[in-house]
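Heads up: the structure comes next, in structure tokens.
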Amino acid sequence: MKVIAHRGYSGKYPENTMLAFKMALEAGCDEIELDIQMSADGRIVIFHDESTGRVTGVPGLVRNFTFEELRKLDASALYAGKFGFNPVPSLEEYFSWVKDTGISTNIELKNSVFYYEALEAKTTELIKKYGLEKRVMFSSFNHASLVKCKELAPSIPCGVLVSAPGLGNAPCFLKSFGFEYYHPDIGCLNDETVAECKKQGIGLNVWTVNDMGGLLRLEEWGCDGIITNFPDVCKKWLKNNPSLRVSP
């Protein structure tokens, strides 16, 4: 089972920062999950909330700040200086780092509240620029956006994100659009859905699992990936249990 670091090592470090990504790699994760939006001047930035307030302490919308203005905000403001100043990273900054690490990236397009025109196209261009086509996947709650991603880059896998209560007859929906992965909240899953996904060849990466009970359920179901805020805990447990399938 692949260990996917949710917004980097966000259980201990400021989410979606280069620090959190580097510490996730050090913790042994197999993949990093991150969120992308666009600045007012069209740069792709890594940030989860549509509003900047919770993470930086400065109110506003990501889409209304220029890239340079976003770089002046401290994405670790919640930690009261514990980790110094951590600027909002660009996707290109992340790609220039991750290309030499060997790990893969789950790119969540945050465009279901505000739709960012050309987000899919610009992201695909950057992926190709850094030669990362075989080490990335797209995910989104905006499933129409995933359709566009498939049109632009058919070979890059797509994961359909859903929250509770989930998506009825999910495998049929995914197969009809050529999507390879189902990314449900763990509360959406049951034995029947898991069995049907496996029957239809749909992969399962499940979020956000930070407790042992959830980890055990995913292992019992034989899911492909666990999306977690604590990649070190999951990775160590999996490595210490010889009966499990562990990513190398």
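Worth a mention:
- In this structure, Ile156 does not qualify as of a type in the set (Val, Ile, Thr), over 20 Å from Leu34 (Cβ atoms), in contact with a strand residue (DSSP E or B) (Cβ under 7 Å, 6 or more places away or on another chain) and free of Cβ contacts under 8 Å to residues at least 40 places away in the same chain.
Condition check ((1) part of a loop (DSSP other than H, G, I, E, B); (2) aliphatic (A, V, I, L, M)) across all residues:
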| residue | (1), (2) |
| --- | --- |
| Thr123 | no, no |
| Ile127 | no, yes |
| Lys134 | no, no |
| Ser139 | no, no |
| Leu146 | no, yes |
| Glu151 | no, no |
| Gly168 | yes, no |
| Lys175 | no, no |
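- Complete set of residues in the range 105-125 that are surrounded by fewer than 19 Cβ atoms within 10 Å (Cβ to Cβ) and either in contact (Cβ under 8 Å) with a residue 24 or more places away in the chain or among the basic types (Lys, Arg) (or both): Ser112, Val113, Phe114, Tyr115, Ala118, Ala121, Lys122
- When residues in the range 71-104 are screened for being part of a loop (DSSP other than H, G, I, E, B) and either surrounded by 15 or more Cβ atoms within 10 Å (Cβ to Cβ) or free of Cβ contacts under 8 Å to residues at least 60 places away in the same chain (or both), 17 of them pass.
- Asn64 surrounded by fewer than 16 Cβ atoms within 10 Å (Cβ to Cβ) and not aromatic (Phe, Trp, Tyr): yes
- Identity of the residue in the range 157-185, surrounded by fewer than 21 Cβ atoms within 10 Å (Cβ to Cβ) and either of a type in the set (A, V, I, L, M, F, W, C) or touching a His at 6+ places or on another chain (Cβ under 7 Å) (or both), that ends up nearest to Lys128 (Cα to Cα): Phe177
- Selected residue [hydrophobic (A, V, I, L, M, F, W, C) and closer than 24 Å to Glu26 by Cβ] from Leu132, Leu146, Leu109: Leu132
- Scanning the range 18-41 for residues that are touching a strand residue (DSSP E or B) at 6+ places or on another chain (Cβ under 7 Å) and either among the acidic types (Asp, Glu) or modelled with pLDDT under 95 (or both) turns up Asp30, Glu31, Glu33, Asp35.
- The set of residues from the range 149-164 being more than 13 Å from Met137 (Cβ to Cβ) and either over 20 Å from the mean Cα position of the chain (by Cα) or of a type in the set (S, T, N, Q) (or both) comprises Glu151, Ser163.
- The set of residues from the range 196-212 being part of a helix (DSSP H, G or I), at pLDDT 95 or above and loosely packed, with under 13 Cβ neighbours inside 10 Å comprises just one member, Lys199.
- Selection within the range 15-60 - in a helix (DSSP H, G or I) and under 19 Å from Tyr116 (Cβ atoms): Val55
The values are calculated or read from the model by the stated rules, or taken from the named source; none is laboratory data. A quick note: this is a predicted structure, and the numbers were derived from the prediction, not measured. No Cβ is skipped: glycine too gets one built from the backbone with ideal geometry, and neighbour counts run over all protein chains shown.
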